[in-house]
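**Q** My structure is below; once you've seen it, I'll send some questions.
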Amino acid sequence: MDEFPTHRDSESRQQRRRTATSPTVSRSDAHLARTAIICATIYFLHEFSDYVVMAPRLRLFELGFCREYYRVHDPSKIGDDGSVDEALCKHKAIQALVVNYRGWQLALNAIPGILSIPLSYRSNKYGRKRYMALALVGNVLYLAWTHLALYMHTIVPTSAVISASAFLLIGGGPAVVDTMASSIMSDVSTQSQLTTRFSWILGSFFLAEMLGPAVSAPLQSWSPWAPAFVAISALICAGLLLYTFPETIHAARRSKTRRLGDEDAETGEEPTWKSLKPAQWRQLLLPLSVFLVSPLRNTVVEITTQYVSKKFGIKLSSSAFLTSLIGIYSFIFYIGILPPLRAFWEKRSGTPSVKIDHSLTKFNLGANSIGALLIGASPSILCLAMAALVFTTGTGVRVTWLPVLIACVDVSSVATLCAAASVIEYFGVLAFSPLLALATSTGFGFEGTLTGLPFFSVSVLYLAGLTVVTLFPPRPLSLAATRQSDSIGGSSSTPDSDDDVVTASGRAALLEG
């Protein structure tokens, strides 16, 4: 069999089209990029709404349980306006209630995420925007009821706030927002653009992670309820932005994109997830398992703050600087470094997009594994900070691995694939969070190197993911990744006709129409 068609192999076919339609292609590229930017902005507003209320909401929960505790044990501690000195709320019994509540709230909030799979399937027929809008409505109602119940503390018990999770059943909650954002990005992107566009989503998350707490602090000092108004306003703005671009599923469905086969392109028939052979889905099961370890980044960052305080004897407030450092570096790397680096690699080497993403995924998992190992073994704060940067360099496993798997399914299965990735990440959090908590408590009982036991455990998990990616690569079905290839590193035949290459103008015309 022949080798992968290189970038230069397809360049001549694309050049013939650019010669006749270069102004159209330019306008089309701009239109598709505009849609992707709006999608990333919507995702930023969604994540920002969560981070801006995170600390204030926790304080309101704490105040609610604190007020109920002293109402029974010492009513004199409660002010006329219902306030209680924050120092008094650090009582062990009160903190136990707060921790217990947070645990149940997180578990209940995750359950609606299962809806992402059936909703993603329906989005293939009815479009992405309506289901993303529905999820945003559920999130608005969730925030509104949470803060309304906390405000009405004389009528509603604090424990009743947990019922707010029921509102996330309207639309499926954050998991559906993640799925639809990824699907929209896929609809408006070529195979070579997927990693860059997914980096925009990840960069939006990092930006929200940085700006949310920074905006929250001054708002909270003014009023504990102000962040909630800002969060709800951000979600409403995100919903309004959905109406600034047309539905994207039609472009993905009609444009004979890179993921359609030769026969489908000739007949014009639209494949469905049912048209894929069971063997084609089975060969994705093991590669999909890599998403079990991709969300461990947030767990590692959270453990690192406590780990620095424990090992080096500094205050938690002082050790939080590392979280800011990781957030800033993550944003710079995945917005300003990775996209141009990947584009340079593809342009100079002519390596197929899918093969580049496969290599980047192996690099990411390797950096995660080595970085976690170095964090656990670091003898000083400076060494630990450098190790944390190594670990953070590999944060974008989802950004590079999801485009590889998207190349293995047809257009109508992309949303279902994105939903499956989100659900698997959710199960990864459920499975590994308790194990890492146990490793943390066990490691903190030791002195010296063994204190880093949770990071050694994370290193092993990422190494397992690297093994799967290396030894069990999926088989691309798309034309851009070569439909007839034996594996990511295998070979295939070169597309025979110009129809195998999809122009941006064709997809944008459908979007505009």
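**Q** In sequence order, what are the phi-derived ³J(HN,Hα) couplings for region 388-397 according to the Karplus relation 6.51 cos²θ - 1.76 cosθ + 1.60 with θ = phi - 60°, rounded to whole Hz, with x for glycine and proline?
**A** 5, 5, 4, 4, 5, 4, x, 5, x, 4
**Q** On full extension of the chain, what length is gained from residue 442 through residue 243, given 0.36 nm per residue of separation minus the C-alpha to C-alpha distance?
**A** 66.5 nm
**Q** Further question on the same structure: What percentage of the solvent-accessible surface of region 83-201, computed with a 1.4 Å probe over protein heavy atoms, is contributed by carbon and sulfur atoms?
**A** Heavy-atom surface of region 83-201 belonging to carbon and sulfur, 1.4 Å probe: 70 percent.
**Q** How large is ³J(HN,Hα), in whole Hz, for each residue of region 154-165 in order, when computed from phi with the Karplus curve 6.51 cos²θ - 1.76 cosθ + 1.60 and θ = phi - 60°, using x for Gly and Pro?
**A** Along region 154-165, the couplings run 6, 10, 9, x, 4, 5, 6, 4, 4, 5, 4, 4 Hz.
**Q** Here's something else I'd like to know. If Rh is defined by the Kirkwood formula over all Cα pairs and Rg also comes from Cα, what ratio Rg/Rh do you get for region 323-390?
**A** In region 323-390, Rg relative to Rh is 1.07.
**Q** So, one more: Between residue 285 and residue 93, what is 0.36 nm times their sequence separation minus the Cα-Cα distance? Round to one decimal in nm.
**A** 64.7 nm
**Q** Computed FRET efficiency, Cβ-Cβ of residue 221 and residue 76, R0 30 Å: what is it to the nearest 0.05?
**A** In this case the efficiency is close to 0.70.
**Q** Also, quick follow-up: How large is the accessible surface per residue of region 325-411, computed with a 1.4 Å probe and reported in Å² as a whole number?
**A** Value returned for region 325-411: 34 Å² of accessible area per residue.
**Q** Another question, then. For 67, 475, 59, what's the largest-to-smallest order of accessible area, 1.4 Å probe?
**A** Result of the area sort, largest leading: 475, 59, 67.
**Q** Quick one: the Cα spread of region 336-427 along its three principal axes, in angstroms, biggest first?
**A** Projected onto its principal axes, the Cα set of region 336-427 covers 51, 39, 19 Å.
**Q** So for region 353-402, what percent of the C-alpha to C-alpha distances run longer than 12 Å?
**A** 59 percent
**Q** Once both labels are modelled 7 Å past Cα along the beta-carbon direction, what's the residue 471-residue 312 spacing in nm?
**A** With each label point 7 Å from Cα toward Cβ, the separation is 3.7 nm.
**Q** Roughly how many percent of the accessible protein surface of region 336-392 is carbon and sulfur, given a 1.4 Å probe and a whole-percent answer?
**A** Carbon and sulfur: 76 percent of the exposed surface of region 336-392.
The values are calculated or read from the model by the stated rules, or taken from the named source; none is laboratory data. A quick note: this is a predicted structure, and the numbers were derived from the prediction, not measured. Note that each Cβ is placed from the backbone with ideal geometry, even for glycine, and that neighbours are counted across all protein chains shown. For accessibility, only protein heavy atoms count, side chains too; no ligands or nucleic acids. Shrake-Rupley method; radii C 1.70, N 1.55, O 1.52, S 1.80 Å.
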